[in-house]
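Beneath this line is the structure, given in structure tokens, with notes to follow.
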Amino acid sequence: MKTRTLRVGTRGSALALWQTDRICALLRTAGYATEQVEIRTTGDLTQDVPLSRIGSRALFTKQIDDALIAGRIDLAVHSLKDLPTELPQGISLGAIGQRNDPWDALVGRGSIGWRDLPPGAMIATSSLRRRAQLLRSRPDLQVCDIRGNIDTRLSKLDRHPEWAAILLAAAGLTRLGLADRIGERLAPEIMLPAPGQGALAVTVRTGDDAAVAIVRTVHHEPTARAVRAERAFLRRLEGGCQVPVAAYAEMLDATGGRLQLRGRVISLEGERSVEGREAGEVGTEAEAEQMGTVLAERLLSNGAAAILADVRTGGSPAVSEP
């Protein structure tokens with residue numbers, strides 16, 4: 001082992017610990033000793049209030065960011081979709097791990113699928129993005145709020161017989177050995193994922209060149225290009241608040257040169273939406289980000305600006321994921 005023991009910050013949920021274990025294992029393979037440091041965030045401490053009413057865009061990251069800036073930890077592991085598109089001063093995105101399953105999963109009792117949902121079925125989710133897309137495809141559905149980690153949400157589903165299903169990220173279920181609870185992975189025509197969904201992020205202190213060099217050993221370039229495009233798309237659309245935006249990018253060839261990005265903007269009640277695609281050769285992460293910005297600009301011109309203006313005028317909640 002190399003001499004430096006890396007203190008790795010993480011949330012304490014089962015999923016966060018699995019994700020951190022994964023990154024730490026890769027770092028140990030590269031020859032670095034690691035020590036995990038569990039940190040409770042605002043999102044963990046405030047379980048009885050809907051995400052939409054808390055009002056912080058760094059709900060699951062702020063306390064970890066504070067520890068990183070203060071030097072109590074050397075790096076931190078996050079679900080990439082939890083990271084704000086604009087990181088706090090002093091924090092940098094050092095590496096992006098290989099993406100797993102990016103899709104959203106319908107989870108009910110038994111093998112429920114999208115076509116099995118009866119008229120007026122009640123679905124629980126904490127995400128504006130998921131809510132808006134559910135209502136876009138099925139305006140008859142009722143959508144209610146749910147909080148908690150994966151185990152808590154599954155327990156709540158079991159305790160609420162009036163709920164037909166809940167929505168969760170398929171990657172989280174798979175990582176925790178709960179893939180058998182997935183009724184159906186929803187097709188992108190129904191549910192595009194959150195930007196960065198299924199990918200892991202490692203943050204470091206800005207200027208800590210040694211830490212940057214270390215965490216690059218876990219960096220996965222094809223994933224990085226794809227999610228950089230997604231996050232740039234979201235960044236251009238946010239305008240300072242969280243909005244119902246979905247995006248998914250993928251490399252179209254084995255060499256990792258041609259990228260396709262699909263994006264969607266949806267009104268809160270799902271009655272209006274604008275979407276589009278952009279594809280082309282991207283040789284760098286910066287070029288992937290440019291693709292995301294180009295697609296966002298096109299959708300803004302094609303009606304997304306009006307949708308987002310209505311969302312913001314209507315008092316859109318500040319946080320809607322995970």
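Throughout, read-outs are computed from the coordinates displayed, never taken from laboratory work. Note that the structure is predicted; figures quoted are calculated from it, not measured. Note that we place each Cβ from the backbone using ideal geometry, even for glycine, and neighbour counts take in every protein chain shown.
Listing for the model above:
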item	result
At R0 = 25 Å, FRET efficiency that the Cβ-Cβ distance of ASP140 and ASP253 yields, to 0.05	0.05
Whole-percent pair-distance distribution, where bins are 10 Å wide, for the alpha carbons of the chain	6, 27, 35, 25, 7, 1, 0
Contact order relative to length of the chain, as percent, for alpha carbon pairs under 8 angstrom and 6 or more apart	22 percent
Calculated FRET value between GLU287 and LEU87, using beta carbons and R₀ = 30 Å, to 0.05	0.90
Rg(Cα) / (2.2 N^0.38 Å) computed for segment 80-198, rounded to two decimals	1.11
Kyte-Doolittle at least -0.5, axis length at least 20 Å by Cα - qualifying DSSP helices, the chain	14-29, 285-299
Mean Cβ neighbour count within 10 Å, used as a protection proxy, ranking 293-300, 223-230, 100-107 highest first	223-230, 100-107, 293-300
Label-point gap, in nm, between ARG147 and ALA33 - each point 7 angstrom along Cα→Cβ	4.0 nm
R0 of 35 Å, Cβ-Cβ distance ARG298-ARG216: FRET efficiency to nearest 0.05	0.60
Fraction in percent of alpha-carbon pairs per bin - 10 Å, segment 63-144	13, 34, 22, 20, 11, 0
The chain - charge dipole about Cα centre, Lys and Arg +1 at Cβ, Asp and Glu -1, debye rounded to 20	300 debye
For the chain, with +1 on Lys and Arg beta carbons and -1 on Asp and Glu, the positive-most of LEU93, HIS220, LEU6 along the dipole	LEU6
